[in-house]
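What follows is one structure encoded as structure tokens, with my remarks underneath.
The values are calculated or read from the model by the stated rules, or taken from the named source; none is laboratory data. Predicted model, so just to flag it, every value in this text is computed and none were measured. As a convention, Cβ positions derive from the backbone with ideal geometry for all residues, glycine included, and neighbour counts pool all protein chains shown. Heavy atoms of the whole protein, side chains included, go into the accessibility calculation; ligands, DNA and RNA do not. Shrake-Rupley method; radii C 1.70, N 1.55, O 1.52, S 1.80 Å.
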Amino acid sequence: MSVTAAIFAIGTEIFLGSIVDTNSSYIAKRLSEAGVDVKLIRPLPDQLDFIVDVIKGAFDDYNIIITTGGLGPTFDDLTAEAVSKAAGMNTVFNETAYLHIEGLLKKRGVQIKESHKRQAYLPEKCELLPNNYGTAMGFIVEKNNSYSISLPGIPYEMKPMFEDYVLPFIRTRFNLPTVYMDDFRFSGLPESDVDEVIRDIGIPEDVETIINVSKGEIIVRLKSLSQESFEYFSAKIVEKLKRYYIGKGDESLEVVLVNMLKDRRLTISFAESCTGGLLSKKITDVSGSSKVFLGSIIAYSNDVKISMLGVNPDTINQYGAVSAEVAIEMAKG
């Protein structure tokens, strides 16, 4: 029987488009890799009764409930109260949480206000999760063998808390299966061609398969509890699409390019125009790119291209670009 999870991002600002919820996708990916079956991802507005009803129902339907946001000291931070009511508990002043808040604020030279005490009112029977980067401590509440885990909404606070405390807690509480999961990246062909190849191979019943398009790449995501099925199917896809294969995991096109240049002891530089230095940024974002990247000339105006790059004015088109053939000849020359 699988371990199921629901993820709730709490905050009306998500519905207004003021912020983008990146927390839920991060948590879902990490839970899936750990063997947890994520069944629901949902944003919730800052409305107490609404949050209580949703979480109360989630206690009946899922083994794990993870919330992000709503743990601050302001009037619209309602997560602790909502989880308490959903679990049939009271909120109480937590001395440990307050000492953490007090200590951190004093260290930062921030004057402690009465509103900061509000942040220390937590469910009476909760397990605290340390926050090494902010005032809001996370907490875990149990009800009917289901666990509600509440985390801060700020990503640089949430991620360390999730990695250091939440994942170890989940692994301790549940007998999670070994999951075989990876992303396989392709470029230079349409999504429909990848779909056709996968259909021709035949998707095994025990392999979850998703095709995504992202920034000019086709990403095939595979997940299985069977190592044999996972390895067989992924190898078949790579074999059929070998010409277009970039790599797997986080091996983006620029990462692969930098690694290939290192292996072949080659260097690269760019003469950029309308890209405004984008190619250079993509390369320099890759760790270790300084070993292969010499630098770039970014020439936007035609006058600069003519004077700095020695471009023949007659070869510049109406868009301020030169043809690939001319660029190759320039590189040779």
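Here are the numbers for the structure shown:
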| item | result |
| --- | --- |
| Only one of S18, S24 that is touching a residue at least 40 places away in the same chain (Cβ under 8 Å) and at negative phi | S24 |
| Odd one out for L105, checked against (1) open to solvent by 30 Å² or more (accessible area, probe 1.4 Å); (2) over 22 Å from the mean Cα position of the chain (by Cα); (3) of a type in the set (A, V, I, L, M) | (1) |
| Entirely in the range 1-78, the strands (runs of 3 or more DSSP E) that have 3 or more residues that are open to solvent by 20 Å² or more (accessible area, probe 1.4 Å) | 37-44 |
| E95 vs. criteria over 16 Å from A9 (Cα atoms), open to solvent by 30 Å² or more (accessible area, probe 1.4 Å) and free of Cβ contacts under 8 Å to residues at least 24 places away in the same chain | no |
| Some residue of the range 193-212 being in contact (Cβ under 8 Å) with a residue 24 or more places away in the chain and under 17 Å from the mean Cα position of the chain (by Cα) | no |
| Conditions (1) closer than 30 Å to S226 by Cβ; (2) in contact with a strand residue (DSSP E or B) (Cβ under 6 Å, 6 or more places away or on another chain): number failed by T91 | (1) |
| Matching helices (runs of 4 or more DSSP H) fully within the range 196-299 where at least 2 residues are hydrophobic (A, V, I, L, M, F, W, C) and at pLDDT 95 or above | 227-240 |
